[in-house]
Structures are given as structure tokens and as C-alpha cells.
1. Expressed as a rounded percentage, what relative contact order does region 5-125 have, with Cα pairs under 8 Å and six or more residues apart?
2. What list of ³J(HN,Hα) values in whole Hz, one per residue of region 25-36 in order, does the Karplus curve 6.51 cos²θ - 1.76 cosθ + 1.60 (θ = phi - 60°) give from phi, with Gly and Pro shown as x?
3. Residue by residue through region 68-82, which ³J(HN,Hα) values in whole Hz follow from phi under the Karplus form 6.51 cos²θ - 1.76 cosθ + 1.60 (θ = phi - 60°), with glycine and proline marked x?
4. Once Rh is set to the Kirkwood radius over Cα pairs, what Stokes-Einstein translational diffusion coefficient, in µm²/s, holds for the chain at a temperature of 25 °C and a viscosity of 0.890 mPa s?
Amino acid sequence: MKLLLWILSILAALILLQTLYFKFTGQPESIYIFETVGMEPWGHYGSGIVELIAGILLLIPKFRHWGALIGIGVISGAIFFHFTSLGLEVYGDYTLFLYAMVVFVCTLTILIIERNKFKALFSKP
């Protein structure tokens, strides 16, 4: 189970962290996406910061469940916009949507496996 958690965490973190270059340097694809959804210019910086935090937390076993929770939240927003205003392909490419789906599945699986870490937060002493 530990190996599976590491594989899922590394895969999700790599995808989340590799997109930061595009967001933080204002690449045309990033600007197009956030203009289309009405969140330019603050959208790509804000989502980039949240994705950076999620990616780092995913790589720290003690905080992996928090990284997964933040990651699934931010990637759910991306998937929502792919289905509503962006479309599944951006600039004729499905890669961003596929990456979003991979991150969603990885983070959801981590949350399911590590769900007991959240139960402790809501149990009465």
C-alpha cells in the first residue's frame, strides 16, 4: 500500500508541479485558458500557488492526505471548466484534460486510502 501511495503521490505531484512553469511565466496557453473562464490575470497565479502547495504536500507522507484534498479541489475546478467553457481540447490538444483526469483519479484514490486520517479530525474526544 505504501508503494501505491508513493506512485499516486509522485504522479499527481509531477503533473501539478510541471504546469507551474506555464502559469507563473504567463504562457499563451495559460492566458487563453484563464481568459476563457473569466479569471485572467489572477486565475493562473492563484491556481498555480494552490497547485504548488498541493504538489509539495503530496510528497510529504505526513501531509499527503492534505495535498490530495487540496489537489482534488483545484483539479475539480479545472475539470469543471473543461466541461463547461473550455472544451476537452485546448489548442487542439487533449493533454491538459487527460492530465486533469489523472490527477483527479490519483488524488481521489489517495483520499480513499487515507480516509482514516480525516476521521480523527471529526471524532469527539
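1. Numbers: 131 pairs, mean separation 35.8, N = 121.
That works out to 30 percent.
2. 9, x, 5, x, 4, 5, 4, 4, 4, 6, 5, 4
3. Those phi angles translate into 5, 5, 5, x, 5, x, 5, 6, 5, x, 4, 5, 4, 5, 5 Hz.
4. The diffusion coefficient I find is 165 µm²/s.
A short reminder: the numbers here are calculations on the coordinates, not readings from a lab. Since we're looking at a predicted model, the values are computed, not measured.
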